[in-house]
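Written below as structure tokens is the structure these notes are about.
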Amino acid sequence: MNSANTKNFVDVTDSIKIIILAIFTNLFAEFLTWMFIYRTKKYKESKKNMDILSRKLEINKESIKGKNKQLDKKIKQQENELKYMGYEMMRIKFISMVIIGLFTFFFISLFSGLFQGIVVAKIPFVPFKLLRGLSHRGILSNDFTDCSFIFLYVLCNISFRPIIQKLLGFAPPRTNNKMPDFFGLEDNK
């Protein structure tokens with residue numbers, strides 16, 4: 001084989017291996033989360049209280065036909081209480097998320113050595129410079145559409161985690177979507 005053919009060759013089995021590794025690590029991370037969080041009494045109580053308050057809030061919002069200042073005040077109070085409970089849930093999850101992050105970091109460093117310099121996929125576009133550092137990491141070619149292990153693995157993790165959480169019944173409560181975003185702005189849907 002000449003170097004031009006080798007340069008553009010992508011072994012699909014490497015991509016499939018990475019996808020399977022991402023699924024496995026997500027399943028293992030969810031198992032660890034279950035071990036440290038989901039099965040604890042504190043989490044179960046917090047989740048139950050959050051669900052009850054969320055239902056009450058929905059009922060109160062549906063019952064508003066006109067302007068009722070007392071009911072508006074009660075709804076604001078319940079929304080604030082729900083936000084606080086959401087922050088408490090995040091506090092409960094924090095330690096296990098650190099443990100899972102360390103596990104993921106270990107796993108990435110372990111397997112990135114095995115796939116060092118191997119093109120595992122082709123990206124249909126040339127990524128912008130900031131993303132190129134991740135997508136082309138460890139690959140010696142000048143073709144920036146070549147995809148490295150780390151980029152495919154991270155994309156798979158981002159994609160598969162919510163699906164696996166939903167399938168296992170560990171998806172975050174719907175009320176977490178109503179919490180303030182990173183910049184502290186409310187999501188008014």
Checklist line | Count of region 136-173 residues which are assigned to a loop (DSSP other than H, G, I, E, B) and over 18 Å from the mean Cα position of the chain (by Cα) | finding: 11
Check: Looking at region 31-40, is at least one residue closer than 24 Å to P162 by Cβ, outside any helix (DSSP H, G or I), open to solvent by 40 Å² or more (accessible area, probe 1.4 Å) and at pLDDT 85 or above?
Finding: yes
Next item on the list: Determine whether G133 is among the small types (G, A, S), modelled with pLDDT under 85 and outside any helix (DSSP H, G or I).
Entry: no
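Taking the options I95, I100, name whichever one is at pLDDT below 85, open to solvent by 50 Å² or more (accessible area, probe 1.4 Å) and either outside any helix (DSSP H, G or I) or within 26 Å of F28 (Cβ to Cβ) (or both).
The match here is I95.
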Next item on the list: Report whether or not F111 is open to solvent by 60 Å² or more (accessible area, probe 1.4 Å), of a type outside the set (V, I, T), assigned to a helix (DSSP H, G or I) and within 16 Å of V154 (Cβ to Cβ).
Entry: no
Checklist line | Subset tally (residues that are in contact (Cβ under 8 Å) with a residue 12 or more places away in the chain and either open to solvent by less than 30 Å² (accessible area, probe 1.4 Å) or under 22 Å from T13 (Cβ atoms) (or both)) for region 130-158 | finding: 20
Notebook entry, point to check: Does M89 meet the test of being within 30 Å of V154 (Cα to Cα), open to solvent by 40 Å² or more (accessible area, probe 1.4 Å) and under 24 Å from the mean Cα position of the chain (by Cα)?
Noted result: no
Checklist line | Count of region 119-129 residues which are aliphatic (A, V, I, L, M) and surrounded by fewer than 16 Cβ atoms within 10 Å (Cβ to Cβ) | finding: 1
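The values are calculated or read from the model by the stated rules, or taken from the named source; none is laboratory data. What you see is a predicted model; the values in this text were computed from it and never measured. Methodologically, a virtual Cβ is constructed for each residue, glycine included, from the backbone with ideal geometry; neighbour enumeration extends over all protein chains shown. The accessibility values were calculated without ligands, DNA or RNA, using every heavy atom of the protein model including side chains. Shrake-Rupley method; radii C 1.70, N 1.55, O 1.52, S 1.80 Å.
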